[in-house]
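Here the structure comes first, spelled out in structure tokens, and everything after it is commentary.
The values are calculated or read from the model by the stated rules, or taken from the named source; none is laboratory data. These numbers were taken from a predicted model, which means no experiment stands behind them. Using ideal geometry, Cβ is built from the backbone for each residue, glycine included, and neighbour counts are taken over all protein chains shown. Protein only, heavy atoms only, side chains kept; ligands, DNA and RNA dropped before computing areas. Shrake-Rupley method; radii C 1.70, N 1.55, O 1.52, S 1.80 Å.
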Amino acid sequence: MTVIAVIDLGSNSVRMTVSRYHRDGSYEVLARFQEMVRLSEGMGPNKVLQPEAISRAMIVLNKFKQALSAYQVNKLEVYAVATAAVRQASNQGEFLAAFKETMGFDLRVLAGEEEAHFDYVGVINTLPINDALILDTGGASSEIILVRNQQAVHAVSLPVGAVNISETYLGTDKILASELFEAIVALRQLFGDIAWLHESKNMPVIALGGSNRTLAKISRKKEKIQDMAVHGYHLNIQEVASIYGNILKKDLDGRKKMPGLAKERGDIIVGGLLPLVELLLFTEGQQVIFSQSGLREGVLFEQISSNTGHDVVSPEPAAMTMDAEDLP
């Protein structure tokens, strides 16, 4: 029995999942941690990680390090990966040095294609999908993976996410139509440059990322079905459009008060959901399936398979209902 921790330094949130796995490939989650640090905040066109953002990240990492001390009695493996904010940063070396000083080991910076790969591994091992389009919307990038016959046949990482779309195009309070239109045009141009995206017409979209999962949480609150897992939750295009339209009508204070929408996401939720909404329209998609499993689980599953020689035996979907944002 081995305890494994996977730390994901995202552009908006820093997350850690601690799990225990066994020789047969089975595992169970022991704890989940998450804090929003807005690592990509204010990076600007020169892509500079700001001192305040770096400081916030190191404070959270210190908390994670202290939490991990409780597991030192077992065999403990820790894997830490970083995504778009650190990947794009012109001062990446400074951040990597600060991470190693704080945690005592090196941070792995994932290429966009690697991030997309781990998203795919996390999804394909936990959801019964055959043909689908996976979308992971982060703070500073969005990964899109085309899956046919359960195999990833195309993948791309786009440099747009909840934080940088919001900072570049949108105001923080009431969203203006002119601002939204400019952001939509930019996204459609990006999608139009992906030749294989036309192969995904009418496919269901598997949605990952905190902003996307917010749609499921708002729907659960509205329909009073809190006992249903976010993982595997379905919405059709009309339901997505209705919820997004309601969000667009509200100012910042109104968005923060919406049941199911975390207050910390209120200023970036419009930008955070825009890639999903536009992807559905671009591909004429009719259904969204939400996934709690993505990058961290992909890293976890590959490590378990590598270390045990067995395929991963995932827990029942009900065991994946708790998201770090739902924790008290």
>> open to solvent by 20 Å² or more (accessible area, probe 1.4 Å), closer than 23 Å to HIS234 by Cα and in contact (Cβ under 8 Å) with a residue 24 or more places away in the chain: which single residue out of ILE145, ILE124, ILE129 fits that description?
In response: ILE124
> Name the residues in the range 33-70 that are among the small types (Gly, Ala, Ser) and either modelled with pLDDT of 95 or more or closer than 26 Å to GLN292 by Cβ (or both), would you?
Replying inline: SER40, ALA53, SER55, ALA57, ALA67, ALA70
> So which residues in the range 106-131 are touching a strand residue (DSSP E or B) at 6+ places or on another chain (Cβ under 7 Å) and within 27 Å of PRO51 (Cα to Cα), if there are any at all?
Replying inline: LEU107, ARG108, VAL109, LEU110, GLY112, GLU115
> What number of residues within the range 242-259 are over 21 Å from THR283 (Cα atoms) and either open to solvent by less than 20 Å² (accessible area, probe 1.4 Å) or outside any loop (DSSP other than H, G, I, E, B) (or both)?
Replying inline: 10
> Looking at ILE165, ILE134, which is the one that is open to solvent by less than 20 Å² (accessible area, probe 1.4 Å), at pLDDT 95 or above, part of a strand (DSSP E or B) and of a type in the set (A, V, I, L, M, F, W, C)?
Replying inline: ILE134
> Scanning the range 277-295 for residues that are open to solvent by 30 Å² or more (accessible area, probe 1.4 Å) and part of a helix (DSSP H, G or I), which turns out nearest to TYR244 (Cα to Cα)?
Replying inline: LEU281
> Out of all the residues in the range 14-29, is one or more part of a strand (DSSP E or B), farther than 16 Å from LEU300 by Cβ and at pLDDT 95 or above?
Replying inline: yes
> Across the range 143-167, which residue is nearest to the chain's Cα centre (by Cα) among those that are hydrophobic (A, V, I, L, M, F, W, C) and farther than 20 Å from TYR120 by Cβ?
Replying inline: ALA162
> Is it the case that the range 103-111 has a residue that's out of contact with any Asp or Glu (no Cβ under 7 Å at 6 or more places or on another chain), open to solvent by 10 Å² or more (accessible area, probe 1.4 Å) and in a helix (DSSP H, G or I)?
Replying inline: yes
>> Can you pull out every residue in the range 137-162 that is assigned to a loop (DSSP other than H, G, I, E, B) and in contact with a Ser or Thr (Cβ under 8 Å, 6 or more places away or on another chain)?
In response: GLY138, GLY139, ALA140, SER141, PRO159, VAL160, GLY161
> Among the residues of the range 227-241, is any open to solvent by 20 Å² or more (accessible area, probe 1.4 Å), assigned to a helix (DSSP H, G or I) and within 14 Å of LEU135 (Cα to Cα)?
Replying inline: no
>> Exactly one condition in (1) surrounded by fewer than 17 Cβ atoms within 10 Å (Cβ to Cβ); (2) assigned to a loop (DSSP other than H, G, I, E, B) is false for LEU49; which is it?
In response: (1)
>> I need every pair where a residue in the range 188-212 that is surrounded by fewer than 19 Cβ atoms within 10 Å (Cβ to Cβ) has its Cβ under 9 Å from the Cβ of a residue that is modelled with pLDDT under 95 and part of a helix (DSSP H, G or I), sequence separation at least 6 or different chains.
In response: none
> Looking at the range 23-44, is at least one residue without any contact (Cβ under 8 Å) to a residue 12 or more places away in the chain and either within 17 Å of ASN164 (Cβ to Cβ) or under 20 Å from the mean Cα position of the chain (by Cα) (or both)?
Replying inline: yes
>> Being in a helix (DSSP H, G or I), without any contact (Cβ under 8 Å) to a residue 60 or more places away in the chain and either more than 21 Å from GLY232 (Cα to Cα) or open to solvent by less than 30 Å² (accessible area, probe 1.4 Å) (or both) narrows it down to one residue among ALA70, ALA85; which is it?
In response: ALA70
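State which residue is farthest from GLY232 (Cα to Cα) when the search covers only the range 196-214 and only residues that are in a helix (DSSP H, G or I) and touching a strand residue (DSSP E or B) at 6+ places or on another chain (Cβ under 9 Å).
TRP196
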